[in-house]
Amino acid sequence: MSAGTAVAPTVTCTDVGIGDLVWEDLDGDGIKNAGEPGIAGVTVKLYECGATNPIATTTTDANGMYLFTGLAPGDYYVEFVAPVGYIFTPPDQGADDAMDSDADPTTGKTVCTNLESGETDLTWDAGMLGTTGIGDLVWEDLDRDGIKDTGEPGIASVTVELYECGGNAPIATTTTSSTGMYLFTGLAPSDYHVEFVAPAGYIFTPQDQGADDAMDSDADPTTGKTVCTNLGSGETDLTWDAGFYMIVTKINIDIKPGSFPNSINPNSKGVIPVAILSTDVFDATMVDPVTVVFGPNDVSPLRWATEDVDKDGDLDLVFHFRTQETGVEAGDTEATLTGETFDGTNIEGTDSVKIVPS
């Protein structure tokens, strides 16, 4: 070595690492508690601070663990990618930084941290919650018993509102499908209740009838609201239903006006006249004739006309139905007519019949 020549010192750079755990925060408190499992297969990205593109990507193992190694000392941050059906738990909870969640709930990113030579920092975690859901069915309770029976149809386009328990305003609103189904999804685990809005012409059926909670009506008949329920991580509760039945105005009808008993031969090729009678509280001429049906088969009328059949000075509405189409048969002792008024009020009237042989 020649005199006066400087020799640079040898500097050893020891690799650094960063990592730890992604876990399912079952109680949603942002702290890793005993019994809360890791989540496998979660994508984790590593960035140098100030950069927008990751320098490394990995996925969590079967126990939810991840680790980036072989890094040069420097400033880094981590981004966790929430799997479908999961949301982040609150960050920086509690006093132990090794047991909290470090991911921003909106971006999934941590803050920057400096890794010094030889350091492996295993405190960068993310807690996640499986999103929840609630829903089921709104149906027409034809027998008004508060229990969903075979053949009772769903009701479409019913408004359903979702509330967090203790809240005064709905956090989500939907309407039932063509089959009466509804569902709220993507919810954070919490306490919720549902409110059903009764459609025009319907009232709620009795609440909490029978032994099967999946087949009863859960709506309070006065408010339309259910009780509060807790939805845990990943839970979808499809047992929250509402039954309705139509508000019906009872009316007076007269089968075969002026005749008693009302003898009917089911095999007759003729017609059965049926009158809707006006009273002091009901105007038969306000009935929409095209909505009227009669008998077990709900047959539509062949024709109709107004007439004062009972000679009380008020016009009645008289319909004629083809006998063989009505479905009246041996053993029947009464027959029913239903329909609606022009303002949408449901009506129903029943009269006695006497079935005679052909």
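Need pairs with beta-carbon distance below 9 Å; first residue assigned by TED's automatic domain parsing to the domain that holds Thr69 and within segment 46-57, second modelled with pLDDT of 95 or more and polar (S, T, N, Q); sequence gap 6+ or separate chains.
Short answer, once both residue conditions are applied: Leu46/Thr57; Leu46/Thr58; Tyr47/Asn53; Cys49/Thr113; Cys49/Asn114; Thr57/Thr43.
Which numbered condition in (1) modelled with pLDDT of 95 or more; (2) not assigned by TED's automatic domain parsing to the domain that holds Pro37 is the only one that Arg144 fails?
Among (1) modelled with pLDDT of 95 or more; (2) not assigned by TED's automatic domain parsing to the domain that holds Pro37, the lone unmet condition for Arg144 is (1).
Mind listing just one residue for me: the one in segment 1-44 that is of a type in the set (Gly, Ala, Ser) and modelled with pLDDT under 90 and, of those, nearest to Gly74 (Cα to Cα)?
Let us first name the residues in segment 1-44 that are of a type in the set (Gly, Ala, Ser), namely 2-4, 6, 8, 17, 19, 28, 30, 34-35, 38, 40-41.
If we keep only those that are modelled with pLDDT under 90 as well, we get 2-4, 6, 8, 28.
Details: Ser2: 37, Ala3: 38, Gly4: 35, Ala6: 29, Ala8: 23, Gly28: 33 Å.
The residue in question is Ala8.
Between residues in segment 153-172 that are modelled with pLDDT of 95 or more and residues that are surrounded by fewer than 12 Cβ atoms within 10 Å (Cβ to Cβ), which pairs lie under 8 Å by C-beta distance while being six or more apart or on different chains?
Gly154/Ser178; Ala156/Ser178; Tyr163/Ala169
What are the residue pairs meeting all of these: first residue in segment 83-100, first residue over 14 Å from Trp124 (Cβ atoms), second residue of a type in the set (A, V, I, L, M, F, W, C) and in a loop (DSSP other than H, G, I, E, B), Cβ atoms under 9 Å, and 6 or more apart or on different chains?
What qualifies is Pro83/Ile39; Pro83/Val42; Tyr86/Ile39; Tyr86/Val42; Ile87/Ala188; Thr89/Ala103; Gln93/Met99.
Are any residues in segment 173-202 surrounded by fewer than 12 Cβ atoms within 10 Å (Cβ to Cβ), touching a residue at least 40 places away in the same chain (Cβ under 8 Å) and either part of a loop (DSSP other than H, G, I, E, B) or of a type in the set (A, V, I, L, M) (or both), and if so, which ones? Spell out the reasoning first.
Residues of segment 173-202 that are surrounded by fewer than 12 Cβ atoms within 10 Å (Cβ to Cβ), as a first pass: 178, 186, 200.
Among the residues that remain, those that are also touching a residue at least 40 places away in the same chain (Cβ under 8 Å) are: 186, 200.
The one that is surrounded by fewer than 12 Cβ atoms within 10 Å (Cβ to Cβ), touching a residue at least 40 places away in the same chain (Cβ under 8 Å) and either part of a loop (DSSP other than H, G, I, E, B) or of a type in the set (A, V, I, L, M) (or both): Ala200.
Quick one: count up the residues across segment 186-196 that are modelled with pLDDT of 95 or more and within 13 Å of the chain's Cα centre (by Cα).
Step one: filter segment 186-196 for residues modelled with pLDDT of 95 or more, giving 191-196.
Now drop any that are not within 13 Å of the chain's Cα centre (by Cα), which leaves 192-196.
Qualifying residue count for the region: 5.
Can you tell me which residue within segment 205-239, out of those that are touching a His at 6+ places or on another chain (Cβ under 9 Å) and not β-branched (Val, Ile, Thr), is farthest from Gly295 (Cα to Cα)? Lay out the reasoning, then the answer.
Within segment 205-239, the first condition is being touching a His at 6+ places or on another chain (Cβ under 9 Å), and the residues that meet it are 225-229.
Filter again for not β-branched (Val, Ile, Thr), leaving 225, 228.
Details: Lys225: 37, Cys228: 44 Å.
So the residue we want is Cys228.
Looking at segment 249-282, which of its residues are under 20 Å from Thr341 (Cβ atoms) and surrounded by 15 or more Cβ atoms within 10 Å (Cβ to Cβ)?
Start the filter on segment 249-282 by keeping residues that are under 20 Å from Thr341 (Cβ atoms), which leaves 249-254, 274-282.
Correct list: Ile251, Asn252, Ile253, Asp254, Val274, Ala275, Ile276, Leu277, Ser278, Phe282.
Output the residues belonging to segment 266-318 that are part of a loop (DSSP other than H, G, I, E, B), among the aliphatic types (A, V, I, L, M) and either closer than 13 Å to Gly349 by Cα or outside the structural domain of Glu348 (by TED's automatic domain parsing) (or both). Please lay out each step first, then the result.
Step one: of segment 266-318, the residues part of a loop (DSSP other than H, G, I, E, B) are 266-270, 277-283, 288, 292, 295-298, 300-302, 308-315.
Narrowing further to those that are among the aliphatic types (A, V, I, L, M): 277, 281, 292, 302, 309, 315.
If the condition is that a residue be part of a loop (DSSP other than H, G, I, E, B), among the aliphatic types (A, V, I, L, M) and either closer than 13 Å to Gly349 by Cα or outside the structural domain of Glu348 (by TED's automatic domain parsing) (or both), then Leu277, Val292 are the ones that fit.
Take the residues in segment 214-246 that are assigned to a loop (DSSP other than H, G, I, E, B) and among the charged types (D, E, K, R); name whichever of them is modelled with the lowest pLDDT.
Pass one, segment 214-246, residues assigned to a loop (DSSP other than H, G, I, E, B): 214-215, 217-224, 226-228, 232-235, 238-241.
Still in the running and among the charged types (D, E, K, R): 218, 220, 235, 241.
Details: Asp218: 98, Asp220: 98, Glu235: 93, Asp241: 98.
Selected residue: Glu235.
Does segment 101-112 contain at least one residue that is of a type in the set (Ser, Thr, Tyr) and either farther than 30 Å from Asp237 by Cα or assigned to a strand (DSSP E or B) (or both)?
Of segment 101-112, the ones of a type in the set (Ser, Thr, Tyr) are 101, 106-107, 110.
Then drop every residue that is not either farther than 30 Å from Asp237 by Cα or assigned to a strand (DSSP E or B) (or both), which leaves 110.
There is at least one residue in segment 101-112 that is of a type in the set (Ser, Thr, Tyr) and either farther than 30 Å from Asp237 by Cα or assigned to a strand (DSSP E or B) (or both).
Would you call Lys225 touching a residue at least 12 places away in the same chain (Cβ under 8 Å) and outside the structural domain of Val138 (by TED's automatic domain parsing)? Walk me through it before giving the result.
Working: touching a residue at least 12 places away in the same chain (Cβ under 8 Å): yes; outside the structural domain of Val138 (by TED's automatic domain parsing): no.
No, not satisfied.
The values are calculated or read from the model by the stated rules, or taken from the named source; none is laboratory data. Treat the numbers as computed from the prediction; the structure is a model and nothing was measured. Glycine gets a Cβ as well: all are built from the backbone with ideal geometry, and neighbour counts include every protein chain shown.
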